[in-house]
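One structure is given below, encoded as structure tokens.
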Amino acid sequence: MPATLLTTHRVEKPWGRMKLWPGFPDPAPDGEPVGEVWFQTPDSKTPELLIKYLFTSEKLSVQVHPDDETARRAGYRRGKDECWVVLAADPDATIGLGTIRPVPRDELRAASLDGSVEHLLDWKPVKAGDFIYSPAGTVHAIGPGLTVIEVQQNVDLTYRLYDYGRPRELHLEEAVDAADAKPFVPPPAPANPDPDRLVLAEGPKFVLERWKGGSYRFTLPEGEPGWFVPVAGHGTADGVEWHAGQCLTLTGDCVVEASEDSDLLLAYPLAERLATIR
């Protein structure tokens, strides 16, 4: 099957922006702020991964995503590990990631009710070029002034602990049950012997690589798609033209030609990186 160009789905959010990112049209002046752009497959299937752009002007809710086991008990196919590639960040931009100390469940629930949970988060400074892998169970909140690409397990399942008084539903019992409220410890950085092919994440739920421009030939395992996300540049993938701001799925034997100024992401739902790229 050739490369497939995915469609975009714009999601309005109270914390979104009226000024987005090159390649994405801004909302109408009388419209609502857009916080997310999802890339969706043209069929009704639910693939393993979902790729999004996020545009923030305010803090996102303090939230948590369940792991696979917890999500399946609630009737979902999978839980939600996710990661973020920071494209742009205001000078004071932060992401709340984990808690400043281990927080017992009763305290987490009480702090969510009175709003002090915001101050239990470990607000870490972030800048363009940063990469963060957030496993399911991590209590987190993305701050304002950020443009990020999010790669996640494909499930629309977020449990909110606190939302700064916005009139949106909270999920205190589910969130407390799913949360592993403790200081965040990043996973070990993968080895990267190839300077043109940086492995950002290597499992447990997916692999994410970042490539420079050039020519690539590789083979994805049978039945396992890859998500090709051009951050910058232009080129072709299996003969399909692409440019920055798009997303394609690839299958089988793949040939990617990318302009020298390209910045490329490839995500795939495997526990180990591709060994057949050349």
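With the cut-off at 22 Å, tell me which of the pairs Lys13/Lys59; Lys52/Lys182; Lys59/Lys127; Lys13/Lys45; Lys13/Lys182 have Cα atoms farther apart than that.
Lys52/Lys182; Lys13/Lys45; Lys13/Lys182
Out of the GluC sites (Glu not before Pro) in the stretch 160-202, which ones are loop residues according to DSSP with at most 10 other C-beta atoms within 10 Å?
In loop regions of the stretch 160-202 (DSSP not H, G, I, E or B), the sparsely surrounded GluC sites (Glu not before Pro) are Glu169.
Net charge near Gln152, counting Lys/Arg +1 and Asp/Glu -1 over other residues with Cβ under 12 Å of its Cβ?
-2
How far is the Cα center of the stretch 182-259 from the Cα center of the stretch 129-153, in Å?
Taking the Cα centre of each part, the stretch 182-259 and the stretch 129-153 sit 18 Å apart.
Can you list residues whose amide H is under 5 Å from Ser134's amide H, if they're 5+ apart or on another chain and H is modeled 1.01 Å from N?
Glu82, Cys83, Trp84
Compute the angle between helix 105-114 and the longest alpha-carbon principal axis of the chain, please, reported from 0 to 90 degrees and rounded to the nearest 10.
80
List the relative contact order of the stretch 119-259 as a percent without decimals, with contacts defined as Cα pairs under 8 Å and 6+ residues apart.
17
When a/c reaches 1.5 or more, the comparison of a/b and b/c decides; with that in mind, is the stretch 1-158 rounded, prolate or oblate per its Cα gyration tensor?
oblate
Using Cα-Cα distances under 8 Å and only pairs 6 or more residues apart, what relative contact order does the chain have, in percent?
20
Between Phe184 and residues 5 or more places away or on another chain, which pairs have amide H atoms under 5 Å apart, with H built 1.01 Å from N, and which residues are they?
Excluding prolines and chain starts, which carry no amide H, the hits are Thr99.
Report the Stokes-Einstein translational diffusion coefficient (µm² s⁻¹, integer) for the stretch 1-57, Rh taken as the Kirkwood radius over Cα pairs, at 25 °C with viscosity 0.890 mPa s.
Reported coefficient: 197 µm²/s.
Net charge near Ile100: determine it from the other residues with C-beta under 10 Å of the C-beta of Ile100, scoring Lys and Arg +1 and Asp and Glu -1.
Result for the local shell: +1.
If the viscosity is 1.306 mPa s and the temperature 10 °C, what Stokes-Einstein diffusion coefficient in µm²/s follows for the stretch 197-268 when Rh is the Kirkwood radius over Cα pairs?
Result for D is 132 µm²/s.
For the stretch 122-201, state the semi-axes of the equivalent ellipsoid (square roots of 5 times the eigenvalues of the alpha-carbon gyration tensor), sorted largest first and rounded to whole angstrom.
Whole-Å semi-axes of the equivalent ellipsoid: 28, 15, 13.
Lys and Arg at +1, Asp and Glu at -1: add these up for the other residues within a Cβ distance under 10 Å of Thr251 and post the number.
Around Thr251, the charge tally is -4.
Taking the Cα centre of each part, how many Å lie between the stretch 98-127 and the stretch 18-52?
Centre-to-centre (Cα) distance: 29 Å.
Once Lys and Arg get +1 and Asp and Glu get -1 on their Cβ, which of Trp38, Val155, His9 lies farthest toward the positive end of the dipole of the stretch 1-155?
Result: Val155.
Explain nothing, just the number: dipole magnitude of the chain about its Cα centre with +1 on each Lys and Arg Cβ and -1 on each Asp and Glu Cβ, in debye rounded to the nearest 20.
Around 220 debye, computed over the chain.
Among 257-266, 129-138, how do they line up by average Cβ neighbours within 10 Å per residue, starting with the highest?
The densest-packed peptide leads the list: 129-138, 257-266.
Rg to Rh for the stretch 71-118: what is it, with Cα atoms only and Rh by Kirkwood?
Rounded to two decimals, Rg over Rh is 1.08.
Assigning unit charges at the beta carbon (Lys, Arg +1; Asp, Glu -1) and nothing else, what dipole magnitude in debye, to the nearest 20, does the stretch 143-278 show about its Cα centre?
Computed about the Cα centre, the dipole is about 280 debye.
Give or take rounding to whole Å, what are the principal axis extents of the alpha carbon atoms in the chain, in descending order?
For the chain, the Cα extents along the three principal axes come out at 55, 43, 37 Å.
None of the figures in this text is laboratory data; all of them are computed from the coordinates on show. All of these numbers come straight from a predicted model, not from anything done at the bench. When we count neighbours, we look across all protein chains shown, and the Cβ atoms used for this are built from the backbone with ideal geometry, even at glycine.
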